[in-house]
Amino acid sequence: MFETFRNAWKIQDLRKRLLFTLLILVLFRLGSAVPVPYISSEALDSMFSAGSMLNYLNMMSGGNLANCTIFALGVQPYINASIIVQLLCVAIPYLENLSKEGEQGRRKLTRITNYVGCGIALVLSIGYFFVIRRMGALSYTEGGSQIFAAIVIVFCFTAGAQLVTWMGNQIDDKGIGNGISLLIFAGIVSRWSDVIGSVQLLLAEAANGAPQYYVYLPVIVILALVAVVFVVILTNAERRIPVQYAKRVVGRKMYGGQNSYIPIKVNMTGVMPIIFASTICGIPSLIGGFIPLESGSFWANFFAVFNYTSPVYIVVYLLLIIAFNYFYVAIQYNPVDIANQLRKNNGMIPGIRPGKPTSDFITKTLNKITLVGALFLAIVAVLPIILGNVTGVSIQLGGTSLLIVVGVALETGRSLEGYMTARHHKGFLE
């Protein structure tokens, strides 16, 4: 990967794209240090416990939510809007047709997603303001208008979310791509100091009479390294379905006769199913954080069931990851279209008849590979939660963070390799 970046830096066009992407990331981190007026972030520390949905949102925003900066909402509104629009593409024919219209349709869908994201950001900003007010974190001066403070806070959060989305789109257009993912990556990487602080805290606990942490810490580090290797291997793994093209004569020329394959990646969905599942599972606990609840009441117990550490949450989380993985693959691959394209080009899978048998074979293969990829994602996401419950160490979000960081790094490397291949392919005389 480092070799890829070094080679990309030698190409002038790619060097400009890399510098532009770096500039956007620097601006994103600078904006992460600009606080929203009228809020005392110190009063909100108790909200971001290890098992709360707000801690997940804080991780996705790179710690901006806990610090109440203008980028507090991060890319979460855009991600939620993407989930809604992708689900509606299956149900609404107009959106489904837009998804099939190529680049122009994709731009219209992106515009619609931005509008939906703006509405979601406004709703989340209003909800977060009420949480801030309930926690007593408002710090406007005496005689100041609470309505004016509410308007400033809500619009700062909403405008910050839209600005983050715009930054991600600019990286897609003028940078190296994967804009939203790179912003999440930058936010997570910027919090590595928290990891060091957690390690120091564990060592201090071990020194104060808890020697089991001397065992837990090396085990967690080893499992993290194994998980990184596991993620890299399965992210790059693919199943290749062989395809043979029959020879055909057109005029005096003969076409076809070559062998090829259909590549199907084991983890073709990346981290999107985990992000989708985390968002859906966290909605009940997020709602519970917005309203005052009496300890021991029915609703307090109900929302506690959806805590990160509860067995019900783990089971629902695992099932949603598998379901979203199948849904995402169903959107990307259409076995009937693949079979029709093979038949039009005189191609066939060895041992499989063209037409419906080919589509059935591709569907069966896709289902098997999708199940493997879904179980892989579920293990990486759920195992840290189980380990955190057993050891008492706060690593519930470690699997999600690890998948995002490794996945975005690999995807960025592949994007740069694609840019270099398009600009430096071998000529006919070489």
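Model label sites at Thr365 and Val199, defined 7 Å from Cα along the beta-carbon direction, differ in position by 4.4 nm. Between Ser310, Ser32, Ser61, the residue with the greatest mean-square fluctuation in the GNM of the chain (Cα pairs under 10 Å linked by springs) is Ser310.
Here the extension length gained between Trp9 and Val131 equals 39.3 nm, from 0.36 nm per residue of separation less the Cα-Cα distance.
Estimated at 0.36 nm per residue, the fully extended path between Lys100 and Ala330 surpasses their Cα-Cα distance by 81.4 nm.
Here's the picture: charge each Lys and Arg Cβ at +1 and each Asp and Glu Cβ at -1 in the chain, and of Ser61, Tyr38, Asn325 the one pushed furthest to the positive end of that dipole is Asn325. In the neighborhood of Ile352, defined by Cβ-to-Cβ distances under 13 Å, what is the net charge if each Lys or Arg adds +1 and each Asp or Glu adds -1? Net charge around Ile352: +3.
Could you list Ile280, Ile120 in order of exposure, starting from the residue whose Cβ has the fewest other Cβ atoms within 10 Å?
Numbers: Ile280 16, Ile120 21.
Neighbour counts put them in this order, fewest first: Ile280, Ile120.
Any chance you could run the full-extension gain for Val221 through Met420? It's 0.36 nm times the residue separation minus the Cα-Cα distance, nm to one decimal.
Details: separation 199, 0.36 × 199 = 71.64 nm, distance 3.56 nm.
Extra length from Val221 to Met420 when fully extended: 68.1 nm.
Shape of region 1-190 from its Cα gyration tensor (a ≥ b ≥ c, root eigenvalues): rounded if a/c is under 1.5, otherwise prolate when a/b > b/c, or oblate? Please report the intermediate quantities before stating the final value.
Values: a/c = 2.23, a/b = 1.41, b/c = 1.58.
Because a/c hits 1.5 or more and a/b fails to exceed b/c, region 1-190 counts as oblate.
For the residues Leu124, Leu109, Leu203, a GNM of the chain with alpha-carbon springs under 10 Å puts the largest fluctuation on Leu203.
Calculate the translational D of the chain in whole µm² s⁻¹ from Stokes-Einstein, where the hydrodynamic radius comes from the Kirkwood formula applied to all Cα pairs, the temperature is 25 °C and the viscosity 0.890 mPa s.
Working: Rh = 24.3 Å.
Stokes-Einstein gives a translational diffusion coefficient of 101 µm²/s.
With the simple spin-label model, which puts each label point 7 Å out from Cα in the Cβ direction, the Gln341 to Leu27 separation comes to 3.6 nm. When trypsin sites (Lys or Arg not before Pro) are flagged only if DSSP places them in a loop and at most 13 other Cβ atoms lie within 10 Å, the longest unflagged stretch of the chain comes out as 253-425.
If you plug the beta carbon distance of Val390 and Asn259 into 1/(1 + (r/R0)^6) with R0 = 56 Å, you get a FRET efficiency near 0.65. Debye calculation, C-alpha points only, no solvent: report log10 I(q)/I(0) for region 298-361 at q = 0.18 Å⁻¹, in the same order as the q values. Calculated log10 I(q)/I(0) at the listed q: -0.72.
Residues considered: Tyr94, Tyr78, Tyr216. Largest GNM mean-square fluctuation over the chain, using C-alpha springs under 10 Å, is found at Tyr94. Arranged from fewest to most other beta-carbon atoms within 10 Å of their beta carbon, Thr165, Thr4 become Thr4, Thr165. With the charge dipole of the chain set up from +1 on Lys and Arg Cβ and -1 on Asp and Glu Cβ about the Cα centre, the Cα lying farthest toward the positive end among the listed residues Ala8, Ile404, Leu27 is that of Ala8.
Listed from fewest to most Cβ neighbours within 10 Å, the set Leu23, Leu57, Leu73 follows the order Leu23, Leu57, Leu73.
Every read-out reported here was derived from the displayed coordinates using simple, explicitly stated rules and does not represent laboratory data. Quick caveat: nothing in here was measured; it's all calculated off a predicted structure. Here the Cβ is made from the backbone with ideal geometry for all residues, glycine too, and neighbour counts use every protein chain on show.
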